[in-house]
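To start, the structure itself, in structure tokens.
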Amino acid sequence: MKGEFKVEYKILGIAGSPVKKGNVESYLEQMVETVKDDNFTSEIVRLSEVEINECLHCNFCLTKQKPGKYCSINDGAQSIYEKVEQADIIILASPVYFMRMSAKMAAFIDRLRVFVFGNLVKGRLKNKIGVSVAVSWLRHGGVETTHLSHLYAFMTLEMIPVGVHRGVSPLGASAVASRNGTGFFDESIRWGVKEDVSGREAARYVMARAVELLKMIKRLP
């Protein structure tokens, strides 16, 4: 109808693996592709391609933020801050390292402190939808502890975490990178997550729930 305009909602995926074009990035790409709604656009930020330094707790963000300068550290975080602030659904996707998230993802989450205390952007992630993704080499090798770290971050930021009973874990989308999660290395398999049927189903369930929650919040049909 004349005068109607299309509202777009943004999905932002953060791939927290240091491995470029690896299983985490592949799985995250599969996830966002499950959303077929024309009202949604998606973008993936790959931390393997961005310099993210650790938070210094210098407290710059408490009083000195200004547009274009959320943090005192000059690295790749600023451009991601802007994308995070504009997103409606935020996906944190990490490989499992030593039964927990990667160092890159941990550093990135620590840097989200600017949205907790910042004089300019404090509270701006409140009520955004948060989705956790964990990719493990073993079927049960640290998936849920990785999810919990992501979920704690969402709660600290006053976001709305997504959980769904169906799938590998009710805490988020979970997949394995070795065939059947056995932990055996097969050099012929480049992306084990593509063979993980349960992981692919979990991704679909979790993203469907994320979209459902967003529509409820926005009061969309």
Legend entry - Output for region 127-157, where each listed residue is more than 29 Å from Gly183 (Cα to Cα) and in contact with a Gly (Cβ under 7 Å, 6 or more places away or on another chain): Phe154
Inset, instruction - Taking the options Asn53, Asn119, Asn127, name whichever one is part of a loop (DSSP other than H, G, I, E, B), touching a strand residue (DSSP E or B) at 6+ places or on another chain (Cβ under 8 Å), touching a residue at least 24 places away in the same chain (Cβ under 8 Å) and surrounded by fewer than 17 Cβ atoms within 10 Å (Cβ to Cβ). - result: Asn127
Inset, instruction - Could you please let me know if Leu112 is crowded, with 19+ Cβ neighbours inside 10 Å and either modelled with pLDDT of 95 or more or of a type outside the set (Asp, Glu) (or both)? - result: yes
Legend entry - Members of region 181-201 that are within 20 Å of the chain's Cα centre (by Cα) and over 16 Å from Glu25 (Cα atoms): Ser198, Glu201
Inset, instruction - Please indicate, with yes or no, whether at least one residue in region 88-96 is crowded, with 20+ Cβ neighbours inside 10 Å, closer than 24 Å to Arg139 by Cβ and in contact with a Pro (Cβ under 9 Å, 6 or more places away or on another chain). - result: yes
Legend entry - Odd one out for Tyr81, checked against (1) at pLDDT below 95; (2) not in a loop (DSSP other than H, G, I, E, B): (1)
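The values are calculated or read from the model by the stated rules, or taken from the named source; none is laboratory data. From a predicted model like this one, the values you see are computed outputs, not experimental measurements. Don't worry about glycine lacking a Cβ; one is built from the backbone with ideal geometry, like all the others, and counts go over all protein chains shown.
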